[in-house]
Amino acid sequence: MATTEVKFSNFKKIVFFTGAGLSAESGIPTFRGKGGTWSQYNFEDYACQKAFDRDPEKVWDFHDERRVVAAECEPNRAHQIIAEVQKMNPATKVITQNIDGLLDRVGVKDTIELHGSLWRVRCYGCEMVTRDDTAPIRSRKCECGQYFRPDIVWFGDMLDDLQMQNARTAIRSCDLLISVGTSASVFPAAHLPFYAMPEAFKVEVNPEITDMTSEYNLHLSGPASEMLEKML
Ligand code: OAD
């Protein structure tokens, strides 16, 4: 299929599979690569259960900073295009590894959040999961006195079974899979494109080549907003 023929309107069941690069144009740093979060912070000190058990305040300082940055950023054209495509075609599913909540802010519905959300917290004591949009967070502790933990899938955590199942089901039945801004280096999410049927058309949007590039029918090299605009 020629690039010019790959238009959203030519497909019935579209799945977007997004990573941190989707929000790069909004000013939210990606995790890997130059200026990436993990080039400045050791994830073992900030994004795993052991780090939180050792020093919850330090881990919260890190996550509060992520909250403040995300709250100050605006969704970009790529987020808006995803929302527009879903509005035009409600069968469109969005699977994200992003925790920044920018897809919610443009009205994307029923997002499958594989890695949780910066804007939800889980209490250690009463195990309640609550939404909290404050940045920095209003309180790091629940009314029951225990620490909240960001409801994020940290390194070493299991992904939520239901979210993974929903993601696999969506990908198995799609006729267009578009991965946007993911380095495809974190598993099991990185493996999801393998669930697409052979007849599905697969597009990777990323300024860089990834380890998964050869699995796609088309690689669109450039920023998410520009590349998705071409498909409208
Ligand atoms: P990464 O930071 O690993 O990769 C971001 C990708 O975005 C890279 O391949 C970039 O080339 C690409 N990119 C950069 N700017 C872009 C732009 N303007 N348009 C399109 N693509 C662009 O982010 P993820 O693949 O999302 O976990 O990382 C996966 C997981 O690792 C994340 O969910 C995070 C992290 O640890 C959690 O937060 C739990």
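The values are calculated or read from the model by the stated rules, or taken from the named source; none is laboratory data. Predicted model only: the values in this text are computed from it and were never measured. All Cβ positions, even for glycine, are placed from backbone atoms using ideal geometry, and neighbour counts span all protein chains on display. With ligands, DNA and RNA removed, areas are computed over all heavy atoms of the protein, side chains included. Shrake-Rupley method; radii C 1.70, N 1.55, O 1.52, S 1.80 Å.
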*Find the residue count for the range 103-132, including only residues that are in contact (Cβ under 8 Å) with a residue 40 or more places away in the chain and either more than 21 Å from LYS58 (Cα to Cα) or exposed (fewer than 14 other Cβ atoms within 10 Å of the Cβ) (or both).*
4
*Could you pull out the residue among CYS174, CYS144 that is assigned to a loop (DSSP other than H, G, I, E, B) and in contact with a Cys (Cβ under 6 Å, 6 or more places away or on another chain)?*
CYS144
*asked:* So, in the range 80-126, exactly how many residues are outside any loop (DSSP other than H, G, I, E, B) and under 21 Å from PRO150 (Cβ atoms)?
replied: 16
*Kindly provide the set of residues from the range 180-211 that are outside any loop (DSSP other than H, G, I, E, B) and either of a type in the set (A, V, I, L, M) or within 9 Å of the ligand (Cβ to nearest atom) (or both), ordered by number.*
VAL180, ALA189, ALA190, LEU192, VAL203, VAL205
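Listed here are the residues, each with its yes/no results for (1) modelled with pLDDT under 95; (2) more than 12 Å from the ligand (Cβ to nearest atom); (3) out of contact with any helix residue (DSSP H, G or I) (no Cβ under 6 Å at 6 or more places or on another chain); (4) more than 24 Å from ASN206 (Cα to Cα).
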| residue | (1), (2), (3), (4) |
| --- | --- |
| ALA20 | no, no, yes, no |
| ALA24 | no, no, yes, no |
| PHE31 | no, no, no, no |
| GLY35 | yes, no, yes, no |
| GLN40 | yes, yes, yes, no |
| ASP45 | no, yes, no, yes |
| ALA51 | no, yes, no, yes |
| PRO56 | no, yes, yes, yes |
| ASP61 | no, yes, yes, yes |
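Only one of these is over 21 Å from ASN166 (Cα atoms), more than 12 Å from the ligand (Cβ to nearest atom) and assigned to a helix (DSSP H, G or I): SER225, SER214. Name it.
Going through SER225, SER214 in turn, just one is over 21 Å from ASN166 (Cα atoms), more than 12 Å from the ligand (Cβ to nearest atom) and assigned to a helix (DSSP H, G or I): SER214.
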*asked:* Let me spell it out: the conditions are (1) more than 26 Å from LYS230 (Cα to Cα); (2) small (Gly, Ala, Ser); (3) under 15 Å from the mean Cα position of the chain (by Cα), and GLY156 meets all of them except one. Which number is the exception?
replied: (3)
*Within the range 194-209, can one find any residue that is surrounded by fewer than 18 Cβ atoms within 10 Å (Cβ to Cβ), aliphatic (A, V, I, L, M) and touching a helix residue (DSSP H, G or I) at 6+ places or on another chain (Cβ under 7 Å)?*
yes
*asked:* List pairs: first residue in the range 164-185 and closer than 15 Å to VAL85 by Cα, second residue away from the ligand (no atom under 14 Å from the Cβ) and β-branched (Val, Ile, Thr) anywhere in the structure, Cβ distance under 6 angstrom, at least six positions apart or on different chains.
replied: CYS174/VAL15; LEU176/ILE14; LEU177/VAL15
*asked:* Taking the conditions exactly as written (loosely packed, with under 13 Cβ neighbours inside 10 Å, away from the ligand (no atom under 16 Å from the Cβ), closer than 18 Å to LEU228 by Cα and basic (Lys, Arg)), does LYS93 satisfy them or not?
replied: no
_Checking ASP151 against (1) part of a strand (DSSP E or B); (2) touching a helix residue (DSSP H, G or I) at 6+ places or on another chain (Cβ under 9 Å); (3) open to solvent by 20 Å² or more (accessible area, probe 1.4 Å); (4) not polar (S, T, N, Q), the condition it does not meet_ = (2)
*For ASP110, are the conditions met, namely being among the acidic types (Asp, Glu), in contact with a strand residue (DSSP E or B) (Cβ under 9 Å, 6 or more places away or on another chain) and within 16 Å of the ligand (Cβ to nearest atom)?*
no
_Given (1) assigned to a helix (DSSP H, G or I); (2) charged (D, E, K, R); (3) open to solvent by 60 Å² or more (accessible area, probe 1.4 Å); (4) touching a strand residue (DSSP E or B) at 6+ places or on another chain (Cβ under 9 Å), identify the lone condition not met by ARG66._
(3)
